[in-house]
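Contents: one structure, followed by commentary.
The values are calculated or read from the model by the stated rules, or taken from the named source; none is laboratory data. Because the structure is predicted, anything quoted here is derived from the model rather than measured. Quick reminder, even Gly has a Cβ in these numbers, built from the backbone with ideal geometry, and neighbours come from all protein chains shown.
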């Protein structure tokens, strides 16, 4: 019986210390617990970038997201050559 009580107390102490010091992971969430930012794929270099940092271009009526102006220019030039 003492062992069970000791185990429960040790677990509770662990939970209190973990909540006080944190779990070591720093994850930012919105107030409603959702994802902070959506990742989009650059169609030219296949790099994933946060949508808030992406360079947006509308080409042939379709919106594309790029990691840089250079990728956007190269993609647009490649599309024009087709």
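Worth a mention:
- The set of residues from segment 57-82 being exposed (fewer than 12 other Cβ atoms within 10 Å of the Cβ) and part of a helix (DSSP H, G or I) comprises 69, 77, 78, 80, 81.
- Within segment 1-42, tally of residues that are modelled with pLDDT of 75 or more and part of a loop (DSSP other than H, G, I, E, B): 4
- Members of segment 43-56 that are at pLDDT below 95 and part of a strand (DSSP E or B): 48, 49, 50
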